[in-house]
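Worksheet for the structure shown next.
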């Protein structure tokens, strides 16, 4: 069976996260999106873990469903940890995702971690021991668990980040590198960029939303064809099984808020070549630019742009339906008009991923507003204009930019006569 899985999100107990990020609301939004399997997030937080045990029941296969509601949305126990420590004379800041198959194993993990950091302070707690020690702690408790470096390329808090990361998996995890089976690409990179590093050929690339609010669920996701169980999903990831791991759903990486280099305070957007020309400094204030994902990839890459490895798992770049509708209607994503049209389309066609991935263009054109149908078609074709994101600023995607230019040009000509 086809399974769409979003395996990294946050709960309401994480900083800067919506109060709606609790399992009942998450299940409802997952249904709207067309997500079958969703991360619980934040199982290390004592209050949230108590809620998970109260509201979820095990299915007997390492996954969970809501106790008191009829839903086919499944949950997988997960959390993200922050390791901040010094290694080789540099401060390192690494985020890792942990997956576990049972409440009992999570309880053991939390008991072990509790004396090492403040689990109550944040849904994503901080520890001062090295990331490689995390692997040992987790696998000593259960070899069924999986640890995955999160958003691997972002400048801050990632394994390959320009500001606090490493140049290789081995440099970060040492003798425990053999237990790293996967990396999360993050919103600012896609598999194509990661394929440029031959040392990642045996690493499975997964993609997740890292959502802090329900509407952001599924902006990146993973698509499997396997039994809906913990072992099957983990096996597809660990073994990089292309028969069971069909493809990933990706942001256009330019839209990610760390794709290009830049300096937000000065409004400076810089390509890697421009950054090199300016010796890494902001041309306005002369402080150091934030080096983005593309620059880091190019620094570490040993292959040309466009290289595709034989065992690379395919991917599809998408834009969330709310964003397509908003641009088609010329409104913001949170306006009533966009919300109403989003609901109408879901009622008509089923769920968001069916609309974006599966619905034939002919059927879409019959029942969707023409401009929205055209927008979905252009997204599928990659016919877009994108101003890259930088230094914490999301990139700007234009689906209908040429129409805007033509309209503006026509208006200017009319004014001349």
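Based on what the data block shows, is residue 190 under 18 Å from the mean Cα position of the chain (by Cα) and touching a residue at least 60 places away in the same chain (Cβ under 8 Å)? Yes, satisfied.
Screening 360, 283 for residues that are surrounded by fewer than 16 Cβ atoms within 10 Å (Cβ to Cβ), under 18 Å from residue 382 (Cα atoms) and not assigned by TED's automatic domain parsing to the domain that holds residue 248 leaves exactly one candidate, 360. Does the range 241-253 contain any residue that is surrounded by fewer than 18 Cβ atoms within 10 Å (Cβ to Cβ), outside the structural domain of residue 59 (by TED's automatic domain parsing) and under 30 Å from residue 21 (Cβ atoms)? So far as the range 241-253 goes, no, none of its residues is surrounded by fewer than 18 Cβ atoms within 10 Å (Cβ to Cβ), outside the structural domain of residue 59 (by TED's automatic domain parsing) and under 30 Å from residue 21 (Cβ atoms). When every residue of the range 275-282 is checked against the conditions, none turns out to be under 17 Å from residue 192 (Cβ atoms) and touching a helix residue (DSSP H, G or I) at 6+ places or on another chain (Cβ under 6 Å).
Check whether at least one residue in the range 323-339 is surrounded by fewer than 14 Cβ atoms within 10 Å (Cβ to Cβ), more than 22 Å from residue 215 (Cα to Cα) and either touching a residue at least 12 places away in the same chain (Cβ under 8 Å) or in contact with a helix residue (DSSP H, G or I) (Cβ under 7 Å, 6 or more places away or on another chain) (or both), and report yes or no. Looking for residues that are surrounded by fewer than 14 Cβ atoms within 10 Å (Cβ to Cβ), more than 22 Å from residue 215 (Cα to Cα) and either touching a residue at least 12 places away in the same chain (Cβ under 8 Å) or in contact with a helix residue (DSSP H, G or I) (Cβ under 7 Å, 6 or more places away or on another chain) (or both), one finds none in the range 323-339, hence no.
Are there any helices (runs of 4 or more DSSP H) wholly within the range 250-362 with 3 or more residues that are under 30 Å from residue 200 (Cα atoms) and at pLDDT 95 or above, and if so which?
272-277, 293-300
The values are calculated or read from the model by the stated rules, or taken from the named source; none is laboratory data. For clarity, every value in this text was computed on a predicted model and none was experimentally measured. Every residue, glycine among them, receives a Cβ derived from its backbone with ideal geometry; neighbour counts consider all protein chains shown.
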